[in-house]
Amino acid sequence: LKQDLFKTDMSKATVITMYLLPDTVNLLKDKFLSELKPGTRIVSHDYPLTGWIPEKYVQMDLEDKVQISGVTTTLIYLYMVPAKVAGKWSAQMPPAVSKQPATLELKQQLTRVSGSARLDGKDVPLEEVKLRGDRISFRLSGRRGEFSGQVKGSSIQGVMENGGAKTPWSAT
């Protein structure tokens, strides 16, 4: 297809590959966040998406590249479009974690997430928070067990794993 890159609907894409100049790569960041589904993979050649943390990046030396750019180094970045999780979530936690309905307060900068949980009237910081596409995981400070879940729009469905036992949890 021959189309305007900035007007083309990308919403059905599951993988985007880019071999573009750095200014163009970064002009597309907002379009990716607004049009692509969480979990969509983005591969960028040589230029990173400023502010995004790559899932992986590979550096290679290619002698053929010297004629083109004067250097041998080639970088390949892999990104994953993050789900939108910022805000206040009403959570149903396992009874061992909270006897009352809990609240998750999440702050987000693209793929970086931090926050706290309000459990039985006390604020507990979240640790080791990871957001990979539509998958989120975290630990509660000072407590055992790891929470993981899948973000689907305005809900999260997941499990808390503690010593091999898995207990469901959810948030809206």
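The values are calculated or read from the model by the stated rules, or taken from the named source; none is laboratory data. Since we're looking at a predicted model, the values are computed, not measured. Here the Cβ positions follow ideal geometry from the backbone for every residue, glycine too, while neighbour counts run over all protein chains shown. Accessible surface areas use protein heavy atoms only, side chains included; no ligands, DNA or RNA. Shrake-Rupley method; radii C 1.70, N 1.55, O 1.52, S 1.80 Å.
When the chain is modelled as a GNM with alpha-carbon springs shorter than 10 Å, which of ARG143, ARG112, ARG41 fluctuates the most?
Evaluated over the chain, the most mobile residue of the options is ARG143.
Over 24 Å between Cα atoms: which of LYS107/LYS166; LYS29/LYS152; LYS2/LYS29; LYS88/LYS122 fall into that group? Please report the intermediate quantities before stating the final value.
Details: LYS107/LYS166 26 Å; LYS29/LYS152 22 Å; LYS2/LYS29 21 Å; LYS88/LYS122 15 Å.
Violating the 24 Å Cα-Cα cut-off are LYS107/LYS166.
Which value, in Å² rounded to 10, gives the accessible area of MET18 with a 1.4 Å probe and all protein chains present?
10 Å²
Given the Cα-Cα distance of THR167 and LYS2 and 0.36 nm per residue of separation, how much length would full extension add, in nm? It would help to have the intermediate numbers written out before the result.
Values: separation 165, 0.36 × 165 = 59.40 nm, distance 5.03 nm.
Roughly 54.4 nm would be gained on extension.
Report, in deg cm²/dmol and to the nearest 500, the calculated mean residue ellipticity at 222 nm for the chain, where each DSSP H run with n ≥ 4 adds -39500 (n - 2.57) and the sum is divided by the residue count. Walk me through the numbers on the way to the answer.
Values: 3 runs with 17 residues, N = 172.
Result for the chain: -2000 deg cm²/dmol, rounded to the nearest 500.
Please give me the summed charge of the neighbours of VAL113: other residues whose Cβ is under 12 Å from its Cβ, Lys and Arg +1, Asp and Glu -1. Mind dumping the intermediate values first?
On the way: positive: LYS84, LYS107, ARG112, LYS130, ARG132, ARG135; negative: GLU105, GLU127, GLU128.
Every neighbour counted, the sum reads +3.
Between LEU110, LEU20, LEU140, find the one with the highest GNM mean-square fluctuation for the chain; connect C-alpha pairs within less than 10 Å.
LEU20
Quick check: from the Cα gyration tensor, does the stretch 16-172 come out rounded (a/c under 1.5), prolate or oblate?
prolate
Say we join alpha carbon atoms closer than 10 Å with springs in a Gaussian network model of the chain; which of LEU75, LEU49, LEU62 then has the biggest fluctuation?
Maximum among the listed residues: LEU62.
Run the numbers for ARG132 and GLU55: contour at 0.36 nm per residue of separation, minus the present Cα-Cα distance, in nm.
Answer, rounded to one decimal: 26.9 nm.
Find out how many positive minus negative residues lie around SER155, taking Lys and Arg as positive, Asp and Glu as negative, among other residues whose Cβ is under 13 Å from that of SER155.
+1
Take every Cα pair under 8 Å in the chain that's 6+ residues apart, average their separations, divide by the length, and report that relative contact order as a whole percent. Mind showing how you got there, number by number?
On the way: 355 pairs, mean separation 25.2, N = 172.
Across the chain, relative contact order equals 15 percent.
Hey, with R₀ at 22 Å, roughly what FRET efficiency would ASN26 and LYS65 work out to, going by the Cβ-Cβ distance, to 0.05?
Details: r = 22 Å, r/R0 = 1.00.
In this case the efficiency is close to 0.50.
Which part of the stretch 108-132 falls in the paramagnetic zone of GLN100, meaning amide N under 18 Å from the point 7 Å along Cα-to-beta-carbon?
116-125
Around ILE16, which amide H atoms from residues at least 5 apart in sequence, or from another chain, sit under 5 Å from its own amide H, with H modelled in the peptide plane?
ARG41, ILE42, VAL43
Calculate the all-directions average of the projected area of the stretch 8-103's alpha-carbon convex hull, and give it in nm². Walk me through the numbers before you get to the answer.
Details: hull surface 36.2 nm².
Its average projected convex-hull area is 9.0 nm².
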